Every structure is written in structure tokens, then in C-alpha cells.
Amino acid sequence: MSSSVHVRKALHLVSMKANKLQSFVGLRLILVAALAGFLVLFSARTLFSPSTSTTSHLRGGVGDGTSCSKLPSPIAAALVHYATSNVTPQQTAAEIGVSLRVLQSRSPCNFLVFGLGHDSPMWAALNHGGRTVFLEEDATWIASVRSKHPGLESYHVTYDTRLTEADELIALRDHPGCTAQPDLAAATEADCRLALRGLPAAFHETEWDLIMVDAPTGWTPEAPGRMGAIYTAGMAARARRPGDGATDVFVHDVDRTVEDTFSKAFLCDAYLTEQVGRIRHFVIPSHREKPGTPFCPLN
């Protein structure tokens with residue numbers, strides 16, 4: 001092989017590595033910039049808002065309502081984590097931007113996340129002053145994350161479905177035991193297989209403003225899949241107290257069959273407001289105290 005060929009191959013390899021490094025560094029810089037921008041917004045709110053408790057409007061008792069001029073610890077920890085870490089969140093910068101825009105307008109709020117991952121410190125920091133709860137299927141992973149981020153509120157949950165059952169479970173979109181119930185408890189009583197059981201008290205005691213479905217695992221046949229998580233997110237939104245506003249629900253990995261079909265079936269096309277990359281954003285109004293409201297309205 002000639003020396004010129006060797007040179008061209010070497011240059012190509014260097015270019016590939018440079019592009020990969022640029023992408024990684026770019027996303028990390030975006031995350032740090034987003035957290036820094038949120039800090040500026042937080043500071044402005046602190047300086048120009050009345051000295052009333054920032055959590056007086058929250059449901060379920062979130063935050064301690066104290067005021068402090070120093071950098072909030074969740075934001076400081078997230079900034080350090082992403083500035084020094086060799087891992088990046090599962091979502092792209094554009095996908096993160098979808099929920100970031102909602103958080104900027106609604107935080108501090110009650111934010112429920114299905115999944116505990118590399119992006120968890122970011123979500124907690126962006127919702128500083130609110131309550132961010134993570135539901136995770138892997139108890140070992142929870143212990144590992146808690147050792148590094150003890151301030152994150154996370155709970156272990158179990159799933160009794162398998163990805164191979166998705167074709168059977170999608171038929172429940174036409175079953176009144178799942179779609180004619182006022183809340184998750186009623187759906188459980190009606191033996192809806194999609195209704196998650198054994199959820200922590202934190203789930204039931206809180207009115208959720210935002211819900212992110214980015215778990216459980218769903219890429220192997222024996223994995224639980226996100227069928228139940230998507231259905232449960234939708235039921236939590238529909239059972240929300242009237243007057244508290246709609247619930248923003250995000251579903252990641254909608255390029256996969258289950259996330260695509262189940263989000264459309266149980267979160268409803270009519271409530272879909274945006275899709276960027278692999279993430280969908282639904283805005284679901286409360287159905288409580290509205291008997292006869294169709295599970296999914298006509299488009």
C-alpha cells in the first residue's frame with residue numbers, strides 16, 4: 001500500500017474521531033449552558049419577585065420555601081457533574097430542548113420521570129425548588145446512582161408485562177376496563193393489565209405537572225416495555241385536580257413500535273402538540289369531574 005493511501009486513511013480516522021469528540025463536547029456544553037441559563041433566570045426571579053414562598057402554589061408539599069443567595073446545591077452539583085463527566089444524557093440537545101422550554105415556564109413544579117439515568121441530575125436541577133421523582137426498575141442501578149447523587153428522590157418499581165405482549169395489550173385501547181375509568185385505582189380494580197401496581201406513595205399523593213416516560217427498558221423481547229408506563233402517565237394526567245391546568249407528558253424513543261403506537265393510543269393524537277427527533281410532547285387536560293369525556297377526543 002502506498003504512503004499516500006496510508007496518509008488518507010489516517011486523516012479519515014482522525015476526522016471521524018474529531019467529529020465524534022465535537023458532538024460529545026457540544027452536547028455537554030449545551031447542557032452546562034442550559035443549566036447556567038436556568039441559574040440566571042432563577043436569580044432574576046429571586047431578585048425581582050416578592051418574598052413569598054416559591055412553593056405556595058405547589059401540590060403535595062414541595063421544596064422548603066427558603067431564600068438563599070448562594071448557588072442552589074442541585075444546580076451546582078449538576079454543573080459539576082456534566083462539566084467533568086464522560087457520559088451524556090440519553091436524549092439529544094434538540095430533544096432536551098422540548099421539555100426544557102416547558103420547565104422554564106412551569107418550574108418549580110411536580111415532575112415525574114419514569115427512569116433514572118445520566119440525565120437525572122439535569123432534570124432535578126432544571127426543576128430546582130420543585131419536586132422531581134424518578135421511578136426505576138433496577139434496584140442495583142438505583143443504589144449506584146444514589147451513591148453519587150444522594151439528593152435525587154428515586155423509587156424502585158416493578159413491571160409485570162413483557163415486550164412480547166405488546167400486540168395483545170394494544171387491544172386494551174378499546175376495553176372499558178382501561179379507557180372508561182376515572183383514575184388509576186379504578187383501572188386497577190377493573191383489572192386493566194396496563195395499570196401499574198405497587199407504585200410508591202409519592203406517586204399517588206402528588207398532582208403531577210410534567211411526566212417524562214423514558215423507561216423501563218424496551219429493546220429486548222424479555223424487557224417489560226413501556227406499555228404500562230405510558231398508560232399510567234396518561235391516567236395520572238386525566239385524574240388531575242380540575243383547576244390545576246393540563247399535564248405535559250413526554251415520551252422518548254417514539255421511533256420504536258411500542259412507544260409510537262401506545263403513546264398515540266393512550267395519550268391520544270388529539271393531545272399531541274410536538275415531536276422533535278425521538279420525543280413526543282402531549283398536553284393532556286384533566287378529565288376529573290367531567291363524566292362522559294371521551295378517553296381520546298376526535299381530532
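Of note:
- Within the range 142-159, one or more residues are open to solvent by 10 Å² or more (accessible area, probe 1.4 Å), farther than 27 Å from ALA125 by Cβ and either among the aromatic types (Phe, Trp, Tyr) or touching a helix residue (DSSP H, G or I) at 6+ places or on another chain (Cβ under 7 Å) (or both).
- If the condition is being surrounded by 16 or more Cβ atoms within 10 Å (Cβ to Cβ) and either assigned to a strand (DSSP E or B) or over 22 Å from the mean Cα position of the chain (by Cα) (or both), then the range 272-286 contributes LEU272, ILE279, ARG280, HIS281, PHE282, VAL283, ILE284.
- Pairs meeting the criteria (first residue in the range 104-128 and without any contact (Cβ under 8 Å) to a residue 60 or more places away in the chain and among the hydrophobic types (A, V, I, L, M, F, W, C), second residue in a helix (DSSP H, G or I) and open to solvent by 10 Å² or more (accessible area, probe 1.4 Å), beta carbons under 6 Å, at least 6 apart or on different chains) are ALA124/PRO74.
- Cβ-Cβ contacts under 6 Å between residues 6 or more apart (or on different chains), taken from a first residue in the range 200-214 that is under 10 Å from VAL249 (Cα atoms) and open to solvent by less than 10 Å² (accessible area, probe 1.4 Å) to a second residue that is in a helix (DSSP H, G or I) and β-branched (Val, Ile, Thr), are listed as VAL213/ILE230.
- GLY228, sole failed condition from (1) open to solvent by less than 10 Å² (accessible area, probe 1.4 Å); (2) over 20 Å from LEU172 (Cβ atoms): (2)
- Filter result for ASP167 (over 18 Å from ASP138 (Cβ atoms), part of a loop (DSSP other than H, G, I, E, B), over 15 Å from the mean Cα position of the chain (by Cα) and among the charged types (D, E, K, R)): no
- Qualifying residue in the range 183-191 (condition: open to solvent by less than 10 Å² (accessible area, probe 1.4 Å) and closer than 15 Å to GLY234 by Cβ): yes
- Positions within the range 231-271 being over 16 Å from PHE111 (Cα atoms), in contact (Cβ under 8 Å) with a residue 60 or more places away in the chain and either acidic (Asp, Glu) or open to solvent by 10 Å² or more (accessible area, probe 1.4 Å) (or both), in sequence order: THR257, VAL258, THR261, ALA265
- Verdict on TRP141 being outside any loop (DSSP other than H, G, I, E, B) and over 13 Å from PHE250 (Cβ atoms): yes
The values are calculated or read from the model by the stated rules, or taken from the named source; none is laboratory data. Since this is a predicted model, take the numbers as computed values, not measurements. Cβ: placed from backbone, ideal geometry, glycine included. Neighbour counts: every protein chain shown. Accessible surface is based on the protein model in full, side chains and every heavy atom, while ligands, DNA and RNA are left aside. Shrake-Rupley method; radii C 1.70, N 1.55, O 1.52, S 1.80 Å.
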